[in-house]
């Protein structure tokens with residue numbers, strides 16, 4: 001009799017754990033949203049606005065959308081994604097007046113089912129290159145942080161874009177930027193799950209130690225989407241960790257095949273559950 005009661009309790013616990021979860025679709029994508037005169041030759045031949053608008057249209061099916069390099073199309077994303085909350089990084093360290101047209105290129109788009117509890121946009125204190133070395137000081141790079149909630153679940157969310165380039169100045173700037181991102185992460189004390197994504201411009205195939213140290217310092221897991229495709233470069237990342245109150249359960253991740261030809265980066269999609277740890 002006691003055994004049967006214990007078995008029943010175990011079944012009920014398992015049922016609760018499985019059916020208290022909610023499934024979400026997330027997309028991370030560097031959309032290559034530069035001004036037309038700055039695009040490489042293969043993309044200059046394409047209809048730029050149509051390409052960007054198509055990305056926004058095809059992204060609408062995702063619950064969480066984390067974008068980089070949307071420097072000139074914030075009006076468009078708000079017009080297309082009317083069923084999403086759009087966070088736009090309006091800060092800039094460049095002399096062009098900040099407005100809704102130009103920003104740091106970062107967006108977080110959340111389906112209207114989400115509530116945004118708190119958000120911040122942080123500019124990195126260091127960059128390398130104005131008229132050289134990928135001109136990163138014109139880019140106002142940094143990160144957006146948001147604490148979001150849905151159905152009594154809460155998630156810490158980051159999207160970021162680090163300095164590009166290969167010389168010593170670029171490497172030193174990225175080191176400073178990564179440290180500033182890590183410092184912000186370490187100051188998050190709310191114990192909710194966390195997802196960090198973006199274009200880190202650090203190739204895991206040549207400098208795995210930098211990424212590994214970042215993960216160890218912040219207790220993060222990594223999605224090795226590069227195993228899904230033949231490549232010798234991975235500079236776009238999705239990191240995650242569970243919280244004390246909720247766990248992140250990865251269901252599926254892959255390269256989005258429909259959008260793969262619309263940028264010079266890979267669109268990474270993630271399907272996951274949030275599961276309550278406490279009964």
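In segment 128-141 there is no residue matching the filter, namely being crowded, with 23+ Cβ neighbours inside 10 Å, at pLDDT 95 or above and either over 18 Å from residue 71 (Cβ atoms) or under 19 Å from the mean Cα position of the chain (by Cα) (or both).
Step by step: first the residues of segment 162-180, then only those that are in contact (Cβ under 8 Å) with a residue 40 or more places away in the chain and either within 16 Å of residue 240 (Cα to Cα) or touching a helix residue (DSSP H, G or I) at 6+ places or on another chain (Cβ under 9 Å) (or both), then the one that is surrounded by the fewest Cβ atoms within 10 Å (Cβ to Cβ). Which residue is that?
Let us first name the residues in segment 162-180 that are in contact (Cβ under 8 Å) with a residue 40 or more places away in the chain, namely 162, 169-170, 172-173, 176-177, 180.
With the extra rule that they be either within 16 Å of residue 240 (Cα to Cα) or touching a helix residue (DSSP H, G or I) at 6+ places or on another chain (Cβ under 9 Å) (or both), the set shrinks to 162, 169-170, 173.
Values: 162: 25, 169: 17, 170: 20, 173: 25.
Across segment 162-180, the extreme among qualifying residues is 169.
Return a yes/no flag: does segment 200-222 have any residue that is free of Cβ contacts under 8 Å to residues at least 12 places away in the same chain and assigned to a loop (DSSP other than H, G, I, E, B).
Yes, there is a match, as at least one residue in segment 200-222 is free of Cβ contacts under 8 Å to residues at least 12 places away in the same chain and assigned to a loop (DSSP other than H, G, I, E, B).
Quick one: which residue in 252, 257 is exposed (fewer than 15 other Cβ atoms within 10 Å of the Cβ) and part of a strand (DSSP E or B)? Full working, then the answer.
Numbers: 257 fails: part of a strand (DSSP E or B).
The conditions single out 252.
Screening residue 190 on (1) under 25 Å from residue 123 (Cβ atoms); (2) within 17 Å of the chain's Cα centre (by Cα) shows it passes everything except condition (2).
In the set 277, 273, which member is farther than 29 Å from residue 47 by Cα and surrounded by fewer than 15 Cβ atoms within 10 Å (Cβ to Cβ)?
From the options 277, 273, the qualifying one is 277.
The values are calculated or read from the model by the stated rules, or taken from the named source; none is laboratory data. Remember, predicted model here, so these are calculated numbers, not experimental data. No Cβ is skipped: glycine too gets one built from the backbone with ideal geometry, and neighbour counts run over all protein chains shown.
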